[in-house]
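Throughout, read-outs are computed from the coordinates displayed, never taken from laboratory work. The model shown is predicted, which means the values in this text are computed figures rather than measured ones. Positions of Cβ are backbone-derived with ideal geometry, glycine not excepted, and every protein chain shown enters the neighbour counts.
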Amino acid sequence: MGQIVFAAAAPHAPAIVGLFDRAPPDSQKVVKETYAAITRELLAARPDVLIVFANDHLANSRITLYPDFLIGTAARHSGPHEWFQEWIGCRDYSAKGNPAVAKALFQGMTRRGIRMSTRDENLKFDDNISVPVVLTDLDRTDITLVPVLQNCTVPPFPGPEKCYEVGIALRDFIERDLPQDMRVGLFGSGGLSHEPGGVKYYKIDEAFDRAFLDLCVRNDHKALLKDITVDRLEAAGIGGTAEVLSWFPVMAAIGERPGRSFGYTGWPSFRCGVGGVIWDLDTRQ
């Protein structure tokens, strides 16, 4: 049986790379300390594979045929796609994929009633995968990557309850279907509050962000499912804040374990609230 050895989540806002040097010192500190901690603990956990739930931003599928979850099964995952290179402002990367785990994930989730799609060619990655890969230097490690791009844009997208259900199935898949002693890391890439291109483009809902981070640190699943509704997500930023739904499969998969955060910044030029969580897998509440 496989074992979950690492679980974390953080925003992938492109500005935390491209505008980092212009940010005030306290905002730089949050970004730096959050991703430094994630990198440090990811390396210490020594996962064989990192499954990243991220958000697809209309780059890989037609709106009329838009999958809720798209698994990248390529042998390598390279980016950022040329359309997004200047916008994100990060270096190129090429991370080793894990086609065997990716295809097993598709088959295993299908058997558990979770509909996912797969794509064998390299996906068009924007900030969704590019930012966490570059900020953790994942491509410079031996850890393999399985990206799962999640629909949080095209209605009806999977809401909190569905994403939580995905996480429960994911845990069962890891424990029952993966090879014995395979070490698995989980990462939720997305959020926090933002409204890309909308009337609140430079307005960050700090109250929502801090409340959400507190729920994630406590990992109170009942409260998360009660308080973090689609309506609340959209009120905090239409078309953007729902990216935090990528955190739900991770939290559901690990159970109610406490987490740690490394500060929060709502610097407007990031155009997104920034703060992350690492969950302690060796301690139960």
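Observations, loosely collected:
- Screening residue 31 with (1) surrounded by fewer than 21 Cβ atoms within 10 Å (Cβ to Cβ); (2) touching a residue at least 12 places away in the same chain (Cβ under 8 Å); (3) of a type outside the set (Phe, Trp, Tyr) gives one miss only, at (1).
- The residues of the range 1-41 that are of a type in the set (Lys, Arg) and closer than 12 Å to residue 267 by Cβ, listed by number, are 22, 29.
- Of all residues in the range 225-243 being closer than 18 Å to residue 187 by Cα and touching a residue at least 60 places away in the same chain (Cβ under 8 Å), the one that is surrounded by the most Cβ atoms within 10 Å (Cβ to Cβ): 243
- Filter pass, residue 131 being under 17 Å from the mean Cα position of the chain (by Cα) and surrounded by 20 or more Cβ atoms within 10 Å (Cβ to Cβ): yes
- In the condition set (1) out of contact with any strand residue (DSSP E or B) (no Cβ under 9 Å at 6 or more places or on another chain); (2) hydrophobic (A, V, I, L, M, F, W, C); (3) more than 24 Å from residue 224 (Cβ to Cβ), residue 95 is compliant with all but (1).
- Pairs, first closer than 18 Å to residue 243 by Cβ in the range 59-79, second in a loop (DSSP other than H, G, I, E, B) and of a type in the set (Phe, Trp, Tyr), C-beta under 7 Å, six or more apart: 68/157; 79/125
- For the range 62-82, the candidate set comprises residues that are hydrophobic (A, V, I, L, M, F, W, C) and within 27 Å of residue 156 (Cα to Cα); within that set, the residue that is surrounded by the most Cβ atoms within 10 Å (Cβ to Cβ) is 69.
- Only listed residue being of a type outside the set (D, E, K, R) and crowded, with 17+ Cβ neighbours inside 10 Å, chosen from 45, 36: 45
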